[in-house]
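Peer 1: Can you read through this structure? Questions will come right after.
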Amino acid sequence: MTPPFHAARKTELFGFLVLAAFVLLVLPGVVDPFRLNLVGKYLTYAFVAVGLVLCWGSAGILSLGQGIFFGLGGYCMAMFLKLEASTPEATKIQSTPGIPDFMDWNQLTALPAFWEPFHSLAFTIVAIVAVPAALAFVIGFAMFTRRVGGVYFAIITQAIAAILTILIIGQQGYTGGVNGITDLRTLLGWDIRTDSAKTILYFVNAFLLLGVIALSIAVRSSKLGRILVALRDKEDRVRFSGYDVAAFKIFVFCFAAAISGIGGAMFTLQVGFMSPSFVGIVPSIEMVIFCAVGGRNSLIGAVYGTLLVNWGKTTFSESFPELWLFAMGGLFIAVVMAFPNGLAGIYKSYVQPLFARIVVRPAHRRRPVGGGKTTPAIAE
């Protein structure tokens with residue numbers, strides 16, 4: 001009989017291939033460029049959902065502040081793009097040419113020092129991953145070394161999300177304030193506002209997401225992944241076995257933050273702006289909902305959950321502009337109450353057994369050896 005662990009890996013690999021075909025072949029073939037760009041935006045949220053599967057599903061760390069890391073990655077990319085759009089020639093009508101327009105509106109006369117490194121794309125790419133991971137390390141080290149977890153950790157991350165939002169809005173001259181960083185036009189001279197550019201960015205986004213999922217599958221399949229599950233189920237036993245529990249929690253929290261930062265950077269490229277509305281409490285809770293609807297233990301399910309919730313959000317808001325919030329609330333309640341394991345639970349409980357009965361043939365028996373008797377085949 002096939003060991004359950006290897007069977008789960010085969011199922012996850014099959015799901016990965018189906019997801020790759022869906023986002024790389026099916027959607028681009030049936031969706032118009034406008035809708036494809038919307039799907040690309042949804043897929044940027046899926047980076048956060050995948051990170052939450054590792055944090056919440058595997059390690060039992062519920063963070064209600066993942067929008068922090070999504071926003072930091074997005075702001076890093078937005079700063080680079082804004083500097084590229086703020087050349088002295090393009091801003092010659094300003095009081096101080098060569099700085100972003102919102103800085104000029106707020107009477108700044110020079111580019112702040114922490115903006116200077118974002119003239120470099122290489123530095124920006126590093127910062128997209130490093131800045132969210134560094135903040136996650138500070139938060140994780142402060143919390144996990146003191147054994148803060150559960151609902152207390154969730155509340156603290158929520159509070160940090162609120163603080164960061166207030167900070168971004170309050171420092172309007174440095175961050176663009178409530179409007180965020182807007183009017184982003186080119187990437188190294190390439191116009192990112194055209195339909196063809198958005199289609200290319202969709203595929204870049206999809207390949208990056210698939211790469212992140214493949215890396216996450218490798219992490220969960222390793223000894224590290226099994227230790228994370230042990231932390232979720234029996235943390236004290238893992239600690240008494242000699243493992244540094246805080247170090248493992250810090251690692252997975254930082255890993256999820258880095259993934260979220262990549263999603264935020266791709267969001268900025270796909271949509272063309274970044275604002276504090278994607279950093280605060282509400283978007284962070286929505287990202288947890290994406291994970292819960294897809295199934296908090298399934299990396300593939302998290303992506304489908306993100307697509308389903310955002311598709312429903314767009315469809316309901318277009319068709320029922322006055323009722324769509326109630327419709328979305330009803331959808332969340334129905335999924336949580338009827339299918340607590342999300343879409344992945346529906347697949348495992350109903351679709352997979354049906355598929356096995358219809359497609360998978362029973363094990364063939366060997367030919368008679370003697371006396372007309374047969375011996376059962378041994379499963380590989």
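Peer 1: For region 221-250, name all the residues that are among the hydrophobic types (A, V, I, L, M, F, W, C) and in contact (Cβ under 8 Å) with a residue 12 or more places away in the chain.
Peer 2: Leu224, Ile227, Leu228, Val229, Leu231, Val245, Ala246, Phe248, Ile250 - these are the residues of region 221-250 that are among the hydrophobic types (A, V, I, L, M, F, W, C) and in contact (Cβ under 8 Å) with a residue 12 or more places away in the chain.
Peer 1: Let me ask another. Checking Asn297 against (1) part of a helix (DSSP H, G or I); (2) surrounded by 15 or more Cβ atoms within 10 Å (Cβ to Cβ); (3) of a type in the set (S, T, N, Q), which single condition isn't satisfied?
Peer 2: Here Asn297 clears every test but (1).
Peer 1: Moving to a separate point now. For region 1-95, which helices (runs of 4 or more DSSP H) that fit wholly inside it have 1 or more residues that are touching a residue at least 12 places away in the same chain (Cβ under 8 Å) and either of a type in the set (Asp, Glu) or under 15 Å from Ala302 (Cα atoms) (or both)?
Peer 2: Values: elements: 4-21, 27-30, 33-52, 66-85.
Ranges flagged: 4-21, 33-52, 66-85.
Peer 1: Being touching a strand residue (DSSP E or B) at 6+ places or on another chain (Cβ under 9 Å) and either surrounded by fewer than 19 Cβ atoms within 10 Å (Cβ to Cβ) or within 25 Å of Ala247 (Cβ to Cβ) (or both), is that true of even one residue in region 124-147?
Peer 2: No: region 124-147 contains no residue that is touching a strand residue (DSSP E or B) at 6+ places or on another chain (Cβ under 9 Å) and either surrounded by fewer than 19 Cβ atoms within 10 Å (Cβ to Cβ) or within 25 Å of Ala247 (Cβ to Cβ) (or both).
Peer 1: Can you find, within region 183-200, the residue that is surrounded by the most Cβ atoms within 10 Å (Cβ to Cβ) among those that are within 22 Å of Ser120 (Cβ to Cβ) and of a type in the set (Asp, Glu)?
Peer 2: Asp183
Peer 1: Just the residues that are over 19 Å from the mean Cα position of the chain (by Cα) and either surrounded by 18 or more Cβ atoms within 10 Å (Cβ to Cβ) or under 13 Å from Ile68 (Cα atoms) (or both), please, taken from region 150-159.
Peer 2: Phe153, Ile156, Ala159
Peer 1: Next question. Is region 358-370 home to any residue that is surrounded by fewer than 20 Cβ atoms within 10 Å (Cβ to Cβ), in a helix (DSSP H, G or I) and at pLDDT 75 or above?
Peer 2: Scanning region 358-370 turns up no residue that is surrounded by fewer than 20 Cβ atoms within 10 Å (Cβ to Cβ), in a helix (DSSP H, G or I) and at pLDDT 75 or above.
Peer 1: Hey, does region 234-242 have a residue that's among the basic types (Lys, Arg), surrounded by fewer than 21 Cβ atoms within 10 Å (Cβ to Cβ) and outside any helix (DSSP H, G or I)?
Peer 2: Taking region 234-242 first, the residues among the basic types (Lys, Arg) are 234, 237, 239.
Applying the additional criterion that residues be surrounded by fewer than 21 Cβ atoms within 10 Å (Cβ to Cβ) yields 234, 237, 239.
Checking the rest, the ones that are also outside any helix (DSSP H, G or I) come to 234.
Checked against the condition, which is being among the basic types (Lys, Arg), surrounded by fewer than 21 Cβ atoms within 10 Å (Cβ to Cβ) and outside any helix (DSSP H, G or I), region 234-242 yields at least one hit.
Peer 1: So, in region 145-180, exactly how many residues are of a type outside the set (A, V, I, L, M), assigned to a helix (DSSP H, G or I) and without any contact (Cβ under 8 Å) to a residue 60 or more places away in the chain?
Peer 2: Matching residues across region 145-180 total 2.
Peer 1: Out of (1) in a helix (DSSP H, G or I); (2) in contact (Cβ under 8 Å) with a residue 60 or more places away in the chain, what's the single condition that is false for Asp183?
Peer 2: Result: Asp183 passes all but (1).
The values are calculated or read from the model by the stated rules, or taken from the named source; none is laboratory data. What you see is a predicted model, and the numbers here were worked out from it, not measured in a lab. When we count neighbours, we look across all protein chains shown, and the Cβ atoms used for this are built from the backbone with ideal geometry, even at glycine.
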